2 protein chains.
Amino acid sequence: MPGTESAVPQTPHIERHFTANDRVRDIVIGMSDGLTVPFALAAGLTGAIASTGVIVTAGLAEIAAGSIAMGLGGYLAARSDAEHYDRERQREYSEVRDRPEIEAAEVTEVFQAYGLSPDESAPVVEALVRKPDAWIDFMMRFELGLEKPNPKRALASALTIAFAYVVGGLIPLTPYIVLRGASRAFSLSVIATLAALWIFGYGKGKFIGIAPAKSALQTTFIGGTAAAAAFLIARAVS
Amino acid sequence: MPGTESAVPQTPHIERHFTANDRVRDIVIGMSDGLTVPFALAAGLTGAIASTGVIVTAGLAEIAAGSIAMGLGGYLAARSDAEHYDRERQREYSEVRDRPEIEAAEVTEVFQAYGLSPDESAPVVEALVRKPDAWIDFMMRFELGLEKPNPKRALASALTIAFAYVVGGLIPLTPYIVLRGASRAFSLSVIATLAALWIFGYGKGKFIGIAPAKSALQTTFIGGTAAAAAFLIARAVS
């Protein structure tokens, strides 16, 4: 497989038939981190700082940084993946045109990995050789394992992820914005965020196809552990 | 494709032949966020808070939260993916055993998507039907697009990602730990982190197969934009 050794798709691999759910997937990605890290930061700072003002400032700065890093990072990664796909497709195109016998042998190899003899796969190989476009598509997916990215979705996806991160991050932070005392805000923030993590994890489980209660438990556990670690670290160094 | 409508792999899709580079990939994932978010948080807080003590506390709390969220989240997602794969494989196994004619028709459909007639793909379909194990493997990859995850890598991967996040996060934070004045620490942190982002982006570009200078520019741009936004937000609300 010439030229593919140094290329890794950067965006999460999603099966084709979930296109309709792309937006839900982006919300899950953004909210997952948005509910966790700003929560842990706010909870952590409460262990060290009594002023809600500083905690709100740090929390909003984190939400801005995290949402931009995730959104912009995801956008540029999706664009790179699209360019990478186009480049690899161009390469397969040239190979099919210039060295068809080598490419045909590579199709045979794909099937040999599944225990099929060259004789058994020969009719498929011959049929593909007669249809160069389909042949290139076949090689892209079955030899290189690359799915055609949708470059038009990159911007919408980035904005959805960033927005979900902001919404998720504002849940733990709102008590610190509204209430005066950091310890009262902390209690309300913990209750509201653990409840939100549970509900979010439950819905995420339904969406990605794992047991909702297990997903809810895992999501809440990650958020709680991150917050506890941040709390202990902040208290230790302050 | 019964039963797959509600399942999405959660871990990034990586091609098989990068197994040797899994560790580099994990370092890229962890350091990418570790260099960006703690940097932006520290820079953002400098816009609002003069005390390096508070910035260090917030930065370390963020590094703890972010590394745990990424590491633990990645570990649990990898485990879920492995369970999901096993469940889908079990389902394909049952389908191949109980309704082989329907599954055989699905293989024909896979090839029809590439313009091959049932006659042209028939020899491959018949050969697969005679080798149920290879048939199931074929369906997992070519019908469902699922790669066999390596559950043993989940823990090593999680620890590598978390460690890279911590290392990345300590680069922007060290000047605030070592120097007394926030504004001097800020200058050194910006210079050190932008340089680190550039070097990291360059190496990442080489690894993932995009132009290194372009990757360096993108990585530095994401980090700089996130930091600028955090700075402006923190200054606005404080």
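The values are calculated or read from the model by the stated rules, or taken from the named source; none is laboratory data. Quick caveat, the model's predicted, so the values are computed rather than measured. Quick reminder, even Gly has a Cβ in these numbers, built from the backbone with ideal geometry, and neighbours come from all protein chains shown. Just the protein is used for accessible areas: all its heavy atoms, side chains included, with ligands, DNA and RNA removed. Shrake-Rupley method; radii C 1.70, N 1.55, O 1.52, S 1.80 Å.
Things worth noting here:
- Region A:109-143, residues that are more than 34 Å from the chain's Cα centre (by Cα) and more than 10 Å from every other protein chain (Cβ to nearest Cβ): A:Pro118, A:Val129
- Selection within region A:210-238 - without any contact (Cβ under 8 Å) to a residue 40 or more places away in the chain and among the hydroxyl-bearing types (Ser, Thr, Tyr): A:Ser215, A:Thr220, A:Thr225
- Filtering region A:59-81 to residues that are hydroxyl-bearing (Ser, Thr, Tyr) and either without any contact (Cβ under 8 Å) to a residue 40 or more places away in the chain or more than 7 Å from chain B (Cβ to nearest Cβ) (or both) leaves A:Ser67, A:Tyr75.
- Among the residues making up region B:213-238, those that are under 18 Å from A:Gly74 (Cβ atoms), open to solvent by less than 70 Å² (accessible area, probe 1.4 Å) and of a type outside the set (Gly, Ala, Ser) are B:Gln218, B:Thr219, B:Thr220, B:Ile222, B:Thr225.
- For region B:203-218, the criterion of being within 13 Å of chain A (Cβ to nearest Cβ) and under 15 Å from B:Val37 (Cβ atoms) is met by no residue.
- Only one of A:Arg153, A:Arg130, A:Arg141 that is of a type outside the set (Phe, Trp, Tyr), open to solvent by 40 Å² or more (accessible area, probe 1.4 Å) and closer than 30 Å to A:Pro100 by Cα: A:Arg130
- Qualifying residue in region B:106-121 (condition: of a type in the set (Gly, Ala, Ser), open to solvent by less than 10 Å² (accessible area, probe 1.4 Å) and either assigned to a helix (DSSP H, G or I) or at pLDDT below 85 (or both)): yes
- Positions within region B:71-94 being among the acidic types (Asp, Glu), open to solvent by 20 Å² or more (accessible area, probe 1.4 Å) and farther than 17 Å from A:Gln218 by Cβ, in sequence order: B:Asp86
- Test set (1) touching a residue at least 12 places away in the same chain (Cβ under 8 Å); (2) more than 9 Å from chain B (Cβ to nearest Cβ); (3) open to solvent by 20 Å² or more (accessible area, probe 1.4 Å); (4) closer than 24 Å to B:Pro149 by Cα - A:Met31 fails condition number: (4)
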